[in-house]
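Visitor: Submitted below is the structure of interest, expressed as structure tokens.
The values are calculated or read from the model by the stated rules, or taken from the named source; none is laboratory data. Worth saying up front: this structure is predicted, and the values here are computed from it rather than measured. Methodologically, a virtual Cβ is constructed for each residue, glycine included, from the backbone with ideal geometry; neighbour enumeration extends over all protein chains shown.
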Amino acid sequence: MSSAPSTALAGLADVLGLPRPPRPKAALVIGTFAQLARDPLAFMRMATSQGPITRVCIGTEKLVFLADPALIHEVLVGRSSDMLKDQITQKLNEILGNGLLTSEGPFWRRQRKLMAPLFSRKQLAGYASTMAERTEVAIAGWQTREVRDIHLESMALTLDIIVRTVFGAELVGDKAGKVAHAIELMMDQFEKELRTWRRFVPQRWLKRGRARAAEARAALDDVVYELIADKRAAGATGDDLVSRLLAARADDGAAMSDQQVRDEAVTMVVAGHETTALVITFSVLLLSDHPQVASQVRAELDAVLAGRTPTLEDLPHLPLNRGVVLEAMRLFPPAYVIGRQVEKSIALGGYRIDPGDQLLISQWVLHHNPVWFREPEQFLPARWLGDLEKTLPEHAYMPFGGGPRICIGQHFAMMEAQLCLATLLQRVALQVVDGQSRELSPAVTLRPRHGLRAHVTRRYVVA
């Protein structure tokens, strides 16, 4: 007779006999939802300040914070098959549908396998010229001495780029504004349900906000399904993502439904355009605050490009420009926290993790840790010119997540951020307006709450 069941029961007993993760002392006094809602970044620093694994209770929610790369590796890599996305990410399926970010299990593995070839370096290379060219177009009308909101401009630019690369089309008429407004409204509703009293009430009590979000999703879907239909009618023969999704076949020969294509495309549009826009925005902020570094970056661009538009082949010769992007994502990671949860009790770091526990990994906390980053609060893009990336522990720096579910678009995002920033800095110098609020808004992503206004000075002009 097999001893497997008794062995499994003995293993479970061992796990159940472990203590629960400790609570930070501060959390016993001030560990309330009000503190988390008021300043999530400070809350996460408090929660991780007293050990590599700590537990905070917010009402009935049990949050377990991980701040050690080895434990993070165990969760994201070693135990990846035992993990589900956290509850907050799962709620995003109301916006994104069942795309790569929110789907689980065999369906996620099938979709990831189908989509991986679409993000190969060879495939991405074809998008590089679009990224630089659309940046040129976006800033062509900027004039010296005028003020621009760099966050809004960056959002519009990256939305234009992602729509062209995902759908192989441009949004004409009022469609661009319609899509941007719909995404913004849905994200605003999501933030309110995440960081206000709405988090703790039944969903049926949120009819008004939910109705607005549903209307926004319907408006977004009107545009997206029309673009998908146009692609189907044209035979889906382009190099854009949607054409390739429509043409893709699983191992059993099955094609994606329009709903599946919609969910993956919307995931790429929503997740792919704002994150890169934020990298550009925070890069501009940091360079404005550090004029000496800005001068060094412009000197590098001038020496390599001499006024021409950057190309993919130029990027290896612009290491400081890349360093700015990496450092901006270190100091202001757009994805500042990710989460997982388990379906059964497990042992982790000598403690018991129970079903329903939300395992939270904060890139914000990791990226500001002096153990791994010298002068962690300082903007030092030159730190990335040496062998730092090779010597850092895995998961000490993880702007795109980690493990099998690492962002599938990470190479796309890095290429886009470098090309857009190089093009922008080549054409204009930007000085952030003094005295404006620099308050951050940690919601789905880490945003500047009030935008980022900057004075424009023209540099090279395209001949």
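Visitor: Would the stretch 191-199 turn up any residue that is crowded, with 20+ Cβ neighbours inside 10 Å, under 25 Å from residue 284 (Cβ atoms) and either at pLDDT 85 or above or not polar (S, T, N, Q) (or both)?
Guide: The answer is no, given that none of the residues of the stretch 191-199 is crowded, with 20+ Cβ neighbours inside 10 Å, under 25 Å from residue 284 (Cβ atoms) and either at pLDDT 85 or above or not polar (S, T, N, Q) (or both).
Visitor: Do you know which residues across the stretch 303-349 are part of a helix (DSSP H, G or I), farther than 20 Å from residue 134 by Cα and not small (Gly, Ala, Ser)?
Guide: Within the stretch 303-349, 304, 316, 317, 319, 320, 324, 326, 327, 329, 330, 331 qualify.
Visitor: Next question, about the same structure. Please determine whether any residue of the stretch 383-398 is surrounded by 21 or more Cβ atoms within 10 Å (Cβ to Cβ), aliphatic (A, V, I, L, M), in contact with a Leu (Cβ under 8 Å, 6 or more places away or on another chain) and modelled with pLDDT under 95.
Guide: Within the stretch 383-398, not a single residue is surrounded by 21 or more Cβ atoms within 10 Å (Cβ to Cβ), aliphatic (A, V, I, L, M), in contact with a Leu (Cβ under 8 Å, 6 or more places away or on another chain) and modelled with pLDDT under 95.
Visitor: Further question: Does the stretch 250-279 hold any residues that are buried (at least 21 other Cβ atoms within 10 Å of the Cβ) and either small (Gly, Ala, Ser) or over 30 Å from residue 218 (Cβ atoms) (or both), and which are they?
Guide: Answer for the stretch 250-279, where residues must be buried (at least 21 other Cβ atoms within 10 Å of the Cβ) and either small (Gly, Ala, Ser) or over 30 Å from residue 218 (Cβ atoms) (or both): 265, 271, 272, 277, 279.
Visitor: Filter the stretch 436-456 down to residues that are of a type in the set (S, T, N, Q) and exposed (fewer than 15 other Cβ atoms within 10 Å of the Cβ) and give me whichever is farthest from the chain's Cα centre (by Cα).
Guide: 436
Visitor: Could you tell me how many of the residues in the stretch 399-435 are part of a loop (DSSP other than H, G, I, E, B), surrounded by fewer than 18 Cβ atoms within 10 Å (Cβ to Cβ) and touching a His at 6+ places or on another chain (Cβ under 9 Å)?
Guide: Final tally of qualifying residues: 1.
Visitor: Filter the stretch 163-177 down to the residues that are assigned to a helix (DSSP H, G or I) and either surrounded by 20 or more Cβ atoms within 10 Å (Cβ to Cβ) or at pLDDT 85 or above (or both) and list them by number.
Guide: 163, 164, 165, 166, 167, listed by residue number.
Visitor: Restricting the first residue to the stretch 416-433 and requiring it to be free of Cβ contacts under 8 Å to residues at least 60 places away in the same chain and closer than 19 Å to residue 319 by Cα, which pairs with a second residue that is assigned to a helix (DSSP H, G or I) and aliphatic (A, V, I, L, M) meet a Cβ separation below 7 Å and a spacing of at least six or different chains?
Guide: Listed by first residue and then by second, the contacts come to nothing, as the list is empty.
Conditions (1) within 26 Å of residue 439 (Cβ to Cβ); (2) exposed (fewer than 15 other Cβ atoms within 10 Å of the Cβ); (3) in contact with a Pro (Cβ under 9 Å, 6 or more places away or on another chain), marked per residue:
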site	(1), (2), (3)
119	no, no, no
123	no, no, yes
127	no, no, no
130	no, no, no
134	no, no, no
145	no, yes, no
148	yes, no, no
154	yes, no, no
161	no, no, no
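Visitor: Give me the residue from the stretch 137-195 that is of a type in the set (Gly, Ala, Ser) and under 21 Å from residue 426 (Cβ atoms) and, out of that set, nearest to the chain's Cα centre (by Cα).
Guide: Here the residue is 154.
Visitor: Among the residues that make up the stretch 103-115, is at least one of them surrounded by 14 or more Cβ atoms within 10 Å (Cβ to Cβ), at pLDDT 90 or above and touching a helix residue (DSSP H, G or I) at 6+ places or on another chain (Cβ under 7 Å)?
Guide: The answer is yes, given that some residue of the stretch 103-115 is surrounded by 14 or more Cβ atoms within 10 Å (Cβ to Cβ), at pLDDT 90 or above and touching a helix residue (DSSP H, G or I) at 6+ places or on another chain (Cβ under 7 Å).
Visitor: If you don't mind, another one. Give me a count of the residues in the stretch 280-292 that are surrounded by fewer than 24 Cβ atoms within 10 Å (Cβ to Cβ), touching a residue at least 24 places away in the same chain (Cβ under 8 Å), of a type outside the set (A, V, I, L, M) and part of a helix (DSSP H, G or I).
Guide: So the count comes out to 2.
Visitor: Only one of 389, 375 is among the acidic types (Asp, Glu), under 20 Å from residue 288 (Cβ atoms) and more than 19 Å from the chain's Cα centre (by Cα). Can you tell me which?
Guide: 375
Visitor: State whether one or more residues within the stretch 333-351 are hydroxyl-bearing (Ser, Thr, Tyr), within 14 Å of the chain's Cα centre (by Cα) and more than 30 Å from residue 137 (Cα to Cα).
Guide: Yes.
Visitor: Out of all the residues in the stretch 231-282, which are within 30 Å of residue 453 (Cα to Cα) and not hydrophobic (A, V, I, L, M, F, W, C)?
Guide: 267, 272, 273, 274, 275, 276, 281
Visitor: Follow-up question, since we're still on this one. Which count do you get for residues in the stretch 76-98 that are of a type in the set (Ser, Thr, Tyr) and surrounded by fewer than 17 Cβ atoms within 10 Å (Cβ to Cβ)?
Guide: 2
Visitor: If a residue has to be within 14 Å of residue 394 (Cβ to Cβ) and either of a type in the set (Gly, Ala, Ser) or in a helix (DSSP H, G or I) (or both) to count, how many in the stretch 53-75 make the cut?
Guide: Residues that pass the stated criteria total 7.
Visitor: Continuing with this model, one more query. Testing residue 184 on (1) assigned to a loop (DSSP other than H, G, I, E, B); (2) surrounded by fewer than 17 Cβ atoms within 10 Å (Cβ to Cβ), one condition comes back false. Which one is that?
Guide: Answer for residue 184: the failing condition is (1).
Visitor: Just name the residue that is nearest to the chain's Cα centre (by Cα) out of those in the stretch 76-126 that are closer than 17 Å to residue 271 by Cβ, assigned to a helix (DSSP H, G or I) and not hydrophobic (A, V, I, L, M, F, W, C).
Guide: Result: 89.
Visitor: Could you list, in sequence order, the residues of the stretch 293-341 that are touching a strand residue (DSSP E or B) at 6+ places or on another chain (Cβ under 9 Å) and buried (at least 19 other Cβ atoms within 10 Å of the Cβ)?
Guide: 294, 332, 333, 334, 335, 336, 337, 338, 339, 340, 341
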